[in-house]
Amino acid sequence: MTARRLDAGGRIDRTRRIRFAWDGAEARGFAGDTLASALMASGHPVVGRSFKYHRPRGIMSAGVEESGAIVTVGEGARAEPNVKATAQELYEGLSARGQNAWPNVRWDAGSVSGLFGRFFAAGFYYKTFMGLPPFEWGRGTGLWMRYEALIRRAAGMGAASREPDPDAYETAHARCDVLVVGSGPAGLRAALTAAEAGRDVILVEQDFELGGDLLSDPSEWAARDEMVAALEKAGVRVMLRTTAFGLYDHGVAGLVERVTDHLAAPDPALPRQRVWTVRAGATVVATGALERTVAFAGNDRPGVMTAQAAATYATRFGVLPGERVVIAANNDSAYGPAAVLAGAGAEVTVLDLRDAPPDAPDGVTVRAGRTVAEAHGARGVTRVRMARPVRDGFAGAGWLDCDLLCMAAGWTPVVNLGSHRDVRATWDAGLATFLPGPSREALHFAGAAAGVWDRARCAASGEAAAKRAMGEAAPAPEPGGWERPIAPLYEVRVPDVTRKSFVDPQHDVTASDVRLAHREGFVSVEHLKRYTTLGMATDQGKVGNVIGLALMAEALGREIPAVGTTRFRPPYTPVSIGALAGRSVGTHFRPTRRTPLHDWNLAHGATMTDAGLWRRPWFYPRAGEGIAEAYVREAATVREAVGICDVSSLGKIAVQGPDAAEFLNRVYVNGFLKLPIGKARYGVMLRDDGFVMDDGTTWRLGEEEFLMTTTTTGAGRVMVWLEELLQTRWPELRVHVASTTDAWASVSVAGPRSRETIEACLADGSDISDAALPFMGVARMRLANGTEGWIARISFSGERAFELFVPALDGPGMMDLLWPEAERRGGCLYGLEALGTLRIEKGHVTGAELDGRVTLDDAGLGRMASTKKAFVGDALRRRSELERDDRPRLVGLFPKDRSATFKAGSILHAPGEAEGMGAGWVTAVTHSPALGHWIGLGFISGGAAAWDGRPAVADDPTRGGSCEVEVVSPHMFDADGGRMRG
Amino acid sequence: MTRFSAWEVFRQGLRGQTGWSRQWRDPEPKARYDVVIVGGGLHGLATAFYLAENHGITNVAVLEKGWIGGGNGGRNTTIVRSNYAQPANRRFYEHSLRLWEDLSHELNYNVMFSQRSHIALQHSPGAMDRAARNYNLMRRTGTPDAEIWGLDRLRAEVPHLNYGPDARFPIVGAAVQTRAGTARHDAVAWGYARGADGRGVDILQNCEVTGVARDGDRITALETTRGRIEAGRVGFAVAGHTSQLWQMAGLGGLPIESHLLQAFVSEPLKPLLDQVVVFGVGGAHFYISQSDKGGMVFGGDLDWYKSFSQRGNLPIVHDVSEAAMSILPCLGRVKLLRHWGGVMDMSMDGSPFICRTPLRNLYLNAGWNYGGFKATPASGWWFADLIANERPDPMVADYTLDRFARGLQIDERGAGADAKLHG
Amino acid sequence: MIRLDCPFCGTRDHAEFAYGGDGSVTYPPLDAPTGAWHDAVFLRDNPKGRVVETWHHLHGCRMWLRVERDTVTHEVFSVRPAHPGLAEALE
């Protein structure tokens, strides 16, 4: 291929020279070039290497269907592999390089694999690499994995950076009446028609200019400019460099907008790309058609491209792709490009398979009844062998020298977007193409995407589609538009030629591979695709699929429709994962929930941890302390003096209404009907299937008003559950529930000196004496700073303890009152780790125990279940497996050697049972300052009673360690609760 | 049946690949078979293979409404592991993994089982402990390759995960199964089909069951698009559409809902990730590996609504991409090539059924949620065993439909009786 | 995207909602026998095609809704409040 930049013409801006780098060397182009057109003009015929055989590849198209010019763009962390040079807009400083080659795409050591190509037929890897060659001796996967390492290195295409992508992306939303995809003659007309009728229209175009096919025909440019101006006037929202990559349910389209990929120095405030979710009332698909090639020997060589692409390079980019051009044609669409290339100074010969071709344009030689059988030339076509049809095939018909071979073998409408919407592609034998079938949705195909080939009728087709999109009756123009019928052609074989002819050049799938698949029974389209990998490369079979189907149909002796067509999946062209993630990356991956005391906690030295989506204080280290020292000190301080813990993340749900007590009575296993006003009660709720769902205290604030608390991580689910019960199952109950979690700042003040600490902070008149506020009492309170809230005498730690609830914004003020008073009394702030210690000592369960497979009895809470009422889960908790005595039950665990330690996650088993499922497991472990040694909670078959006097072993093989333990009651400290009541 | 080997590949290479023959036949249906398996997916084909191989039952047909392996077998993320902890699953999936290890040799078909390690990231000390419980159990029950890795080991093995301060959920370690990995899903279907066919099984494609003829509590024949086929015993293995077949047999409700799961593959890349990496935190769920061809293969949660259509919607596409970026921020410029959906039998406890049914000669293989791929060999093995012996082996004795009535929910996630929560 | 026409909020993306479950199930009284609860909680007809199901407008009005939908085409035929009193009030 001896391409050159023409002296004039094209839509490039010759006043703006652009420097870029190709494989490390400087090259030049113009504004308005694609990387492909600039590479072509710079004399780079070989720009890629194929997937399997590492064959040299040149530019094969002028669009997103490209199979040859696939390169890596950008450097370092900004390197983007597998970019189609034909769709990459050129910009100053762009750096691109070849890929899948060493040392470079012009001289690739990997091309030796081509020498062994005869052994590397489709699916050969399923038949070997299992064991020791040549007869695959051996067992296991060891040998395969050695082969695999080599295969993985050879496979793949470009290399991705291992550095984090430094660029930002975003997602956006839009809606419109009519979405028009594609801005060729049909799309432009459709958008204008709808907009002038007052519809809100979005027009998306993947290119950086509107016009589609019109851009390749200078005679249309003036008309195109008028249309574009009219669109603007009519208020069409035009989105350039934007691909509609998929159509989804209910008129939703996914778009990706490449915001800065064409800019040399983008504004850092801009995202690199933006993914749009568009909700459209109707969609017009005017995505055009792609020109097909033909399978013949050497059809993948640099210098073989589609005729339309060659014309586009000449007219739009001012690059003549070759001086001596052969066009192999089977239809009328070849003659426009032939005239263009001849007009640009090339010597053009059209080989028209048909016996009666149209008149030759000026300067074009036409040879009827001829086509091409073979292309020669290692790094670029130098000559082609002609062929003529004979009975049962083709025969060689002499050679022609050339430096460019163009293929004009018919067109395939881009029906891909409809494929995901269940629009079936139906074969039209007369046009030798797939056409989109009917859609039951507001989806309308127009122009070449509907098989309309001539421009004038494409516009009419666009107008009709727009009218249908607006609910008007408008018949679509018939597909077709050529004066002479196409002579279908998919493969040319002459008897003595054995070189590879490619069906899917990107994946190196050959015509022989298709026939091999047939021979081995992989005859359905989907089997063919999977066995040969046809259509699974980065172009997803945009060009090669139809040839593959045709070859399979021929092998089967059937028609193409009988073979069927594969379902195209989104995205239409590949979409960056970064763009699909948008801004939800890094710390924004998921929301971060902070309590009203978050800043206060940090200011007072908290080390934080995650609890679901919440950030919670983990421990408050003092100088020289790690977590181990800090939590033990904090837990000890609570037992000895007083500690304050932020419990704002606990779920809080207001339950209000005349039937609120009845509602709670059904939801919880224990009774709530008779809970007095001013009292709290610990409740457990089950799922329908009888397993424990959540627990917490619920406070009766008034006759018809309760405040339910839930676990931190269970809050959302409990809220949804209560709403479901009230709205779907028990609509007769007059109850309203509202989440108030975020309304409250809440702290637990726990320890023997908790009351005096709080009393020192209360306004006159608030009485929290034992008489006024006994254990499980709830009362209004007023702090010394005037803040009002609730105080409840409830305890998770097992000490005398109070929970104080104040409005969220008053939380820090409350802490400013409480903390000096606690500190004065030798108190501390304590976090989740110490909270864990305290609750483990008491045998109180949390999410570590309640893992969704635990029953009320398993958790040792069976006695809570009321026998006087039915409650949710009551029926199914009585199933036989759940009532077995040998189920694992909650227990406490002491190391037999009190100086020893063990870990949560250990398996509990009887001594000597070194293997097997064991008898239970450890859920939580802590060093107990109160008991002076390590303790744990766990579940073990039959519970503590069954292990009375029998030692167990806590086995932790994955982390090393095995510890003999005593199984004890889970209530390991102050079992009678004297401390919390007293 | 030609034996596959490097020698044969070499020989055929010299002969222009002309000597290969069909990997399985395309027979006309017979009037009657001893056993008819409905469903030519991975499990159905494996069942047919083991009926012939283990039990000598060869008068068998596999009925497939489309093309074999075209259901969920053809559209999954190909992860094979045995890190289950509930007793019934523990033994079953470990047996399956052992069958996987020799499967290529067994089938003389390279299923490309790549034991590249399955790394489950952990994000808190509590999560590490919960993982340790399961992995300790694995160690004690025949899975010596269960490991808990600290951060240093993990960083050394997978250096480009997001360990940085901007991670929303910091990685603190991982639970690892080193014998786990990935396999080539299509090869599994074709390998079992070829193996079964070579042992006399008829694989009947484009043969959709349209009716079930019963005589009391027995099935006598199946009406199909290729005619009536009488059957001595019948096995259903039609994940995704079990309920429809069940009702065709007049059997009512099942503890199954059909949900949509999407899967994703990127453009091919040079080696970027050498292991299977998964995580679940903050409501997210994600798994990723790289195929031998170079595509990053990944997925996450269900689309969260019931569906029988094999196509998903954008919210999960975003969700999964976010999860990908959260642990592998280098994927920003890697492009999604294709995403697609499959219809999953989501059972009420997340575990499967290999069991007898209310009909005497009907057997059920269903409820694989979205973990059916890894189960393929054992599922086929034990379903064949059940059909051949007409009674369940203790291995699968808990995989019954009546387990819910007994209170035996095999619930790995502890999610309860909500089918969609058992992904 | 499935678009649901919430009677309280208008037409919104399904991502705002949470699919609940089979809306044809009638849950028995709390004191009904285990067998009745077993059937209600565990057994599903799981039809392919038109179904009634419950959805929750989780990130909206938080109302539970009864949705008639086709599980193959995702066509939505109706969306009503699950609470019969509210449904009646809106008729």
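The values are calculated or read from the model by the stated rules, or taken from the named source; none is laboratory data. The model shown is predicted, which means the values in this text are computed figures rather than measured ones. Cβ coordinates were reconstructed from backbone atoms using ideal geometry, including for glycine residues, and neighbour counts include every protein chain displayed. We work out accessible area using only protein heavy atoms, side chains counted, and drop any ligands, DNA or RNA first. Shrake-Rupley method; radii C 1.70, N 1.55, O 1.52, S 1.80 Å.
Quick one: which residues, 5 or more positions from A:VAL965 or on another chain, have an amide H under 5 Å from its amide H? H modelled 1.01 Å from N in the peptide plane, none for Pro or chain starts. It is A:LYS896, A:ALA952, A:VAL953, A:ALA954, by chain and number.
Taking each residue of B:135-145 in turn, how many C-beta atoms of other protein chains fall within 10 Å of its C-beta, and what is the average? Taking all residues of B:135-145 together, the mean is 5.
Couplings 3J(HN,Hα) for region A:803-810, derived from phi with the Karplus relation 6.51 cos²θ - 1.76 cosθ + 1.60 (θ = phi - 60°), are 10, 10, 10, 10, x, 3, 6, 8 Hz, where x marks Gly and Pro.
Using the alpha-carbon centroid of each, what span in Å lies between region A:278-310 and region A:373-408? Each part reduced to its Cα centre gives a spacing of 22 Å.
Can you give the FRET efficiency to the nearest 0.05 for A:HIS927 and B:THR2, using r as the Cβ-Cβ distance and R₀ = 60 Å? Taking R0 as 60 Å, the efficiency between A:HIS927 and B:THR2 is 0.35. Once each part is reduced to its C-alpha centroid, what is the distance from region A:687-736 to region A:445-501 in angstrom? Value for the Cα centre distance between the two parts: 61 Å. Calculated mean residue ellipticity at 222 nm for the protein assembly as shown: -6500 deg cm²/dmol, from DSSP H runs with n ≥ 4 weighted as -39500 (n - 2.57), summed, divided by the residue count and rounded to 500. Expressed to the nearest 5 percent, the antiparallel share of DSSP beta bridges inside the protein assembly as shown is 75 percent. Remark: spin-label model distance A:ASP355-B:ARG25 equals 4.6 nm, labels positioned 7 Å along the Cα→Cβ axis. Under a 5 Å amide H cut-off, with hydrogens placed 1.01 Å from N, A:TYR248 pairs with A:ALA253, A:GLY254 among residues at least 5 apart or on other chains.
Here chain A is treated with +1 on each Lys and Arg Cβ and -1 on each Asp and Glu Cβ, and its dipole about the Cα centre works out to around 1580 debye. Mind telling me which of B:ARG11, B:ARG133, B:ARG25 comes out most flexible in a GNM of chain B, alpha-carbon contacts under 10 Å? In the Gaussian network model the winner is B:ARG11. Report in % the part of the accessible area of the protein assembly as shown that belongs to carbon and sulfur, leaving out ligands and nucleic acids; probe 1.4 Å. Carbon plus sulfur share of accessible area: 51 percent. Maximal additional length on extending the A:ARG16-A:ARG146 stretch stands at 41.5 nm, based on 0.36 nm per residue less the C-alpha distance. For a modelled paramagnetic label at B:ASN59, 7 Å from Cα along Cα-to-Cβ, the residues of region B:213-235 in reach, with backbone nitrogen under 20 Å, are B:213-215, B:218-224, B:227-235. Computed on region B:271-325, with alpha-carbon pairs under 8 angstrom and 6+ residues apart, the relative contact order is 28 percent. Rounded to the nearest whole Hz, the Karplus-based 3J(HN,Hα) values (6.51 cos²θ - 1.76 cosθ + 1.60, θ = phi - 60°) of region A:794-802 follow the sequence 10, 9, 9, 7, x, 9, 4, 8, 9, with x at glycine and proline.
Close amide H partners of C:CYS6, meaning residues 5 or more places away or on another chain with modelled amide H under 5 Å apart, are C:THR11, C:ARG12.
A protection proxy built from the mean count of other Cβ atoms within 10 Å ranks the segments B:285-292, A:339-346, most packed first, as B:285-292, A:339-346. At a Förster radius of 25 Å, what calculated FRET efficiency corresponds to the Cβ-Cβ distance of A:GLU559 and B:ARG15, to the nearest 0.05? Working from the Cβ atoms, E equals 0.20.
Taking 1.306 mPa s as the viscosity and 10 °C as the temperature, the Stokes-Einstein diffusion coefficient of the protein assembly as shown based on its alpha-carbon Kirkwood radius rounds to 46 µm²/s. Each peptide in A:855-868, B:270-283, A:640-653 gets a packing score, the mean of other Cβ atoms within 10 Å over its residues, and the list from highest to lowest is A:640-653, B:270-283, A:855-868.
Remark: relative contact order (chain A) = 9 percent; criterion is Cα-Cα distance under 8 angstrom and separation of 6 or more residues.
Here r is the Cβ-Cβ distance between C:ARG62 and A:GLU732 and R0 is 25 Å; the resulting FRET efficiency, rounded to 0.05, is 0.80. The lysines whose alpha-carbon is closer than 22 Å to the alpha-carbon of B:LYS374, local same-chain residues fewer than 8 away aside, are A:LYS127, B:LYS293, B:LYS420.
Could you identify which residue out of B:HIS318, B:HIS118, B:HIS259 has the top mean-square fluctuation in a GNM of chain B using Cα springs shorter than 10 Å? Highest fluctuation among the options: B:HIS318. Taking the charge dipole of the protein assembly as shown about its Cα centre, with +1 at Lys and Arg Cβ atoms and -1 at Asp and Glu Cβ atoms, the residue from A:GLY187, A:LEU516, A:LEU664 reaching farthest to the positive side is A:LEU516.
Evaluating 6.51 cos²θ - 1.76 cosθ + 1.60 at θ = phi - 60° for every residue in region B:297-303, the Karplus couplings come out as 10, 8, x, x, 8, 4, 6 Hz, glycine and proline recorded as x. Overall form of region A:481-583: prolate. Here a/c, set by the Cα gyration tensor axes a ≥ b ≥ c, is 1.5 or more, and a/b is the larger of a/b and b/c. Of A:LYS52/B:LYS335; A:LYS52/A:LYS529; A:LYS467/C:LYS48; A:LYS869/B:LYS306; B:LYS30/B:LYS306, which sit over 26 Å apart, Cα to Cα? As for pairs spanning more than 26 Å Cα to Cα, those are A:LYS467/C:LYS48; A:LYS869/B:LYS306; B:LYS30/B:LYS306. Which residues among region A:408-425 fall inside the zone where the amide N is under 15 Å from a point 7 Å beyond the Cα of A:ARG567, along Cα→Cβ? So the set is A:416-425.
Ranking A:TYR531, A:GLY564, A:ALA581 by Cα position along the charge dipole of region A:496-583, where only Lys, Arg, Asp and Glu carry charges on their C-beta atoms, puts A:ALA581 farthest toward the positive end.
Put a plus charge on the Cβ of each Lys and Arg, a minus charge on the Cβ of each Asp and Glu, and nothing anywhere else: the dipole of chain B about its Cα centre is then about 460 debye. A 1.4 Å probe run over chain A, with the rest of the protein chains in place, finds 35 Å² accessible per residue.
Here the label points at A:SER899 and A:TRP399, each 7 Å from Cα along the C-beta direction, are separated by 9.3 nm in the simple model.
Cross-link partners for A:LYS903 among the lysines, with Cα-Cα distance under 25 Å and sequence neighbours closer than 8 places in the same chain left out: A:LYS842.
Taken residue by residue and averaged, Cβ atoms of other chains lying within 10 Å of the Cβ of A:675-688 number 1. In a reduced charge model with +1 at each Lys and Arg Cβ and -1 at each Asp and Glu Cβ, region A:496-583 shows a dipole moment near 300 debye about its Cα centre. Ranking B:ILE327, B:GLY250, B:ALA85 by Cα position along the charge dipole of chain B, where only Lys, Arg, Asp and Glu carry charges on their C-beta atoms, puts B:ILE327 farthest toward the positive end.
With chain C treated as a Gaussian network of Cα nodes joined by springs under 10 Å, which of C:LEU30, C:LEU43, C:LEU58 yields the largest mean-square fluctuation? Among C:LEU30, C:LEU43, C:LEU58, the largest GNM mean-square fluctuation belongs to C:LEU30. Approximating the spin labels as points 7 Å out from Cα along Cα→Cβ, the A:ASP976-to-A:ALA378 distance works out to 9.9 nm.
Packing around the peptides B:411-418, A:179-186, taken as the average count of other Cβ atoms within 10 Å per residue, puts them in this order, highest first: A:179-186, B:411-418. Look at the Cα gyration tensor of region A:651-742: its axes a ≥ b ≥ c give a/c under 1.5, and that counts as rounded.
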